1. At Gln462 and Lys171, where each label point lies 7 Å from the Cα along Cα→Cβ, what is the point-to-point distance in nanometres?
2. With a cut-off of at most 10 other beta carbons within 10 Å, and DSSP calling the residue loop, which GluC sites (Glu not before Pro) in segment 1-98 qualify? Please list them.
3. Let's see if you can work this out: charge +1 on each Lys and Arg Cβ, -1 on each Asp and Glu Cβ, no other charges. What is the dipole magnitude of segment 1-63 about its Cα centre, in debye to the nearest 20?
4. How much FRET efficiency would the formula 1/(1 + (r/R0)^6) give for Ala498 and Asp395, where r is the Cβ-Cβ distance and R0 is 45 Å, rounded to 0.05?
5. Mind computing the radius of gyration and Dmax over the alpha-carbon atoms of segment 239-331? Å is fine for both.
6. Taking the Cα centre of segment 44-143 as the origin and placing charges on Cβ (Lys, Arg +1; Asp, Glu -1), which of Tyr114, Ile141, Ser84 is farthest toward the positive end of the dipole?
7. Using 0.36 nm per residue of separation minus the Cα-Cα distance, give me the extension gain between Arg72 and Val738 in nm, one decimal.
8. Throw me the Rg/Rh for segment 600-738, computed over C-alpha atoms with Kirkwood Rh, two decimals.
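Quick note: the coordinates plus some simple rules give every number you see, no bench work behind them. Just so it is clear, the structure is predicted and the values come from calculations on it, not from any experiment. Note: ideal-geometry Cβ built from the backbone for every residue, glycine included; neighbour counts use all protein chains shown.
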Amino acid sequence: MTSASIFFDAENKVFHLKNDQISYLFQVETGDILSHLYFGRQIATYHDQRRYPRIDRGFSPNLAGDPGQVDRGYSKDTLRQEFSGFDTGDFRQPAVVIRAENGAQATDFRYVDYEIQAGKPNLADLPQAYVLAPEEAKTLIVRLVDATLDAELYLSYTIFADRPVIARTAKLINRGTQTLQVEKLASVQLDVIENQLEVIALHGAHLRERQVERKSLPHGMTSFASHRGGSSHHMNPFIALVAPDTTEDSGTAIGVQLVYSGNHQFTLEKDYVDQVRVLAGINEQGFSWQLLPDEAFQAPEALLVYSEAGLNGMSQAYHHLLRERVARGRFQYAPRPIVINNWEATYFNFDAEKIDHIVDQAAPLGIEMFVLDDGWFGHRDADKSSLGDWYEYADKLKSGGGLAGISQRVHNRGMQFGIWIEPEMVSKDSQLYQAHPDYAIQIPNRDMTPSRDQYVLDFSRQEVVDAIYDQIAAILDDVPIDYIKWDMNRHLTEVYSAALPAAQQGEVAHRYVLGVYQLAERLTTAYPDILFEGCSGGGGRFDAGMLYYFPQSWASDNTDPVDRLKIQYGTSLSYPISSMTAHVSASPNHQTGRLSSLTMRGDVAMAGVFGYELDLSQLSDTDKTQISEQVAFYKTHRDLIQYGDFYRIESPFESNDVAWQFVSADKTETLLFQYRVLSEGQPPLHLTKLSHLASDKTYLEPATGQVFGGDELMTVGFYNVPLQQADFTSRVRYFKQV
Ligand code: GLA
C-alpha cells in the first residue's frame with residue numbers, strides 16, 4: 001500500500017492532502033477564509049501560484065484586507081471557497097445557512113485550527129466509507145467558527161492511501177446559549193475553475209432508472225435533486241464533472257457521490273467569472289434542524305473521485321471503494337446466489353403447491369435460491385392490505401405447513417430460501433394501522449395522499465422502528481431464512497411527525513432516513529447470515545447509503561433486456577456489478593411487451609448478479625436446457641463478473657451496438673458482452689475492441705480454439721457480426737491467458 005499524507009505549509013497557510021494519485025489543496029486566505037485551490041493529479045509540492053487574484057469587481061462586496069483596510073480586490077463573491085456562508089458577501093449558493101433566534105440567517109465561518117488523524121473517524125448513525133487499519137487513510141479536520149452565532153463548523157477530509165478518493169463531511173456544533181435552526185448544511189462544496197465543464201447526471205423513473213445524461217453548464221444554476229423521501233429512481237445522488245473531450249477511457253472526470261438515501265440536492269452554479277460551485281448534501285427544501293446549546297448536527301458523507309482515465313477510471317475507483325470499504329458483512333465478497341423469484345410468475349396469486357412447483361422445477365436447473373416475494377403475510381392478496389402485519393398469511397400457506405414448511409422443502413431441495421418485506425410501510429387495512437393510526441406519517445387535519453394504496457410509517461419515532469423490528473425478528477427467529485429483499489414502494493408526502501414539536505418538523509425527513517438506517521443496522525447485525533437485498537419499486541433507492549447495509553440492490557422492475565442495457569450501463573457509472581441484481585423474465589416482457597430471445601435476456605442479466613423471475617412451467621424443455629446452460633456458464637464465471645473489473649466499451653445511449661467487458665484483477669481472464677439492439681438491412685460494419693488486457697500476453701478463446709495477442713484484442717478488435725439476423729441479439733466471448 002502506498003501512503004496518504006497531509007501537510008500544512010504554515011508560511012503560506014496551505015493544506016495539501018496527497019497520495020500517489022491525487023492532490024487536494026486549500027488555503028487559509030486573508031481574514032481566515034478557506035479558499036479552494038486544486039483537486040486533481042498528484043503534485044509533489046505547491047508554490048502558492050494559485051493564490052486568488054485580487055481584482056476589483058463592482059457589486060461584489062469586499063472584505064477587510066490588511067488590518068483595518070478594505071481590500072477592493074478581495075471579495076467572497078468571487079473567491080473560490082471550501083464552504084461558503086450565506087448573506088455575508090457571497091451571492092452564490094451557500095453551503096451553510098443557520099437561522100438565529102433573532103431571525104437572521106447569515107453565516108460567516110472563519111478558520112480557527114486543524115487536527116490530523118490517522119485513519120478515518122466513525123460517523124455515528126450514518127452510512128460511510130470505512131477503513132480497516134489506520135494506515136489506509138488520513139483525516140484532516142478543520143475547525144471554523146462563526147463568532148456571532150457562537151457555532152463551530154468542522155470540515156472533515158479523508159484521503160485514502162491508495163485510492164483517488166477524498167471523503168468529505170461537515171458537522172455543526174452550537175457552542176452558544178441560543179437555539180439555532182440549521183436550514184442547510186451541505187456535505188461537500190467544490191469550487192472548480194476548469195473551463196467548459198460538462199456534467200453527467202443519472203435521471204430516471206420507475207422502470208427507467210439511471211439514464212445517463214450529459215450537458216454543458218450554462219451560467220446560473222443547474223440542479224439535480226430528490227425531494228421524495230428516498231434517493232429515488234428519478235435522480236440518483238451522484239454526478240460526474242467532465243471535460244468536453246472526456247470519453248469512457250480518456251480525459252478527466254470528477255465524481256461526486258453522496259452516501260445518503262434520503263432527500264438530496266446537487267447544485268452547480270456557474271458564476272460571472274466562469275467558476276463553477278458544486279454543492280451536494282441533504283435537500284434544503286423542507287429541511288431544518290433545531291440545534292440546542294451543545295448539540296451537534298452531522299451531514300452525510302460525500303465521496304469525491306478524480307480520474308484521468310475517463311469515466312471508466314472514475315467508475316473503477318467507485319466500484320472498488322463501494323465494494324471494499326462501504327459494503328460490509330459476510331456477503332461482501334461472497335459469491336451471490338442465483339435466485340428464482342416468484343413475483344412475475346405468480347404476483348399475489350400463489351399457494352404452497354404453486355411455490356413447491358416452482359422450486360421443484362428450479363432445483364434441477366442449478367438455481368440456488370428461491371425467493372418468496374410479496375403476498376406471504378397478513379391477509380395480503382393484493383397491494384391494498386397488510387403492510388405492517390409481518391406475520392405469515394396462515395390461510396394462504398396452510399396446505400403446505402406455512403412458511404416453515406416452504407422453507408423446509410426449499411432447503412430439502414438443496415436451495416436457499418428468501419422472503420420479501422417492506423418494513424417502512426403500512427396499509428390502512430392492517431392490524432398495525434388499526435391499533436396505531438398515528439404511526440403513519442401525516443399532517444393533522446389534512447388527508448394522507450395515497451400511493452399504491454399504502455402509507456409510510458413514521459420511522460423518525462423509535463417506538464415505530466421497534467415495533468417493526470420485533471415483528472420481523474419474530475419471523476426470522478421462527479423460520480430458517482437466508483435472504484431478505486427489503487422493498488420501499490412509495491415516496492413520502494405530508495411529512496410530519498406526531499411525536500415532534502412544531503420547531504422540529506423540518507427534521508422528520510432526515511430522521512426518517514436515520515430510522516431506516518437504524519433498523520437496517522439492527523437486523524443485519526442480529527442476523528449476519530442473512531443476505532439482504534435493497535429494493536424500492538425496482539432501483540428507487542440504489543445508493544451508497546443503502547449499500548453500507550445491503551451489499552446488493554434490485555436494479556429495476558423493468559427486466560426488458562433492451563431497456564436494461566441502459567439501466568445497467570447507467571448504474572455502472574457509480575455502482576459495482578456485485579451490487580446490481582438482474583433477472584431473466586418472461587417474453588413478452590411484462591413491463592414493455594417486447595419479445596426477445598432467452599439468449600438476449602440471459603446475456604443482459606448475466607452482466608449483473610444473476611437470477612430468474614418467471615414461470616418455469618410455461619417454458620419448453622429446450623428453454624429449460626438453455627437455462628441450465630446459462631446457470632452453469634454464470635457459475636463458471638461468477639467470480640469474474642461479480643468481483644472482476646468492469647469496463648464499459650460502447651454505450652446504449654449512443655449506439656445500436658453495445659459492449660462491455662469484465663477483466664480479472666491479474667488480467668488473465670476476460671469476458672466480452674456484445675449486444676446489437678435493432679437489426680438493419682445492409683448493416684454498417686462495427687468494430688469492437690477489448691481493453692485493459694496484458695498487451696504482451698496471449699489469450700485463448702476456448703469456444704473457438706483461437707488464440708490472440710492481448711495487443712491484437714485491444715487494437716485490432718473484432719467485427720460485431722451478430723450470430724443471427726434479428727432484433728435484440730447478443731454474444732458473450734470468453735478469453736483466457738495461455
Ligand atoms: C416492488 C418490487 C418488485 C416486487 C413488488 C411486490 O415493485 O420492485 O420486485 O417485489 O414490489 O409488490
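1. Simple spin-label model gives 2.1 nm for this pair.
2. Glu11
3. 200 debye
4. For Ala498 and Asp395, the calculated efficiency is 0.85.
5. Gyration radius and largest Cα-Cα distance of segment 239-331: 16.6, 51 Å.
6. Ser84
7. Values: separation 666, 0.36 × 666 = 239.76 nm, distance 6.88 nm.
Gain on extension, Arg72 to Val738, equals 232.9 nm.
8. Using Cα coordinates only, the ratio equals 0.97.
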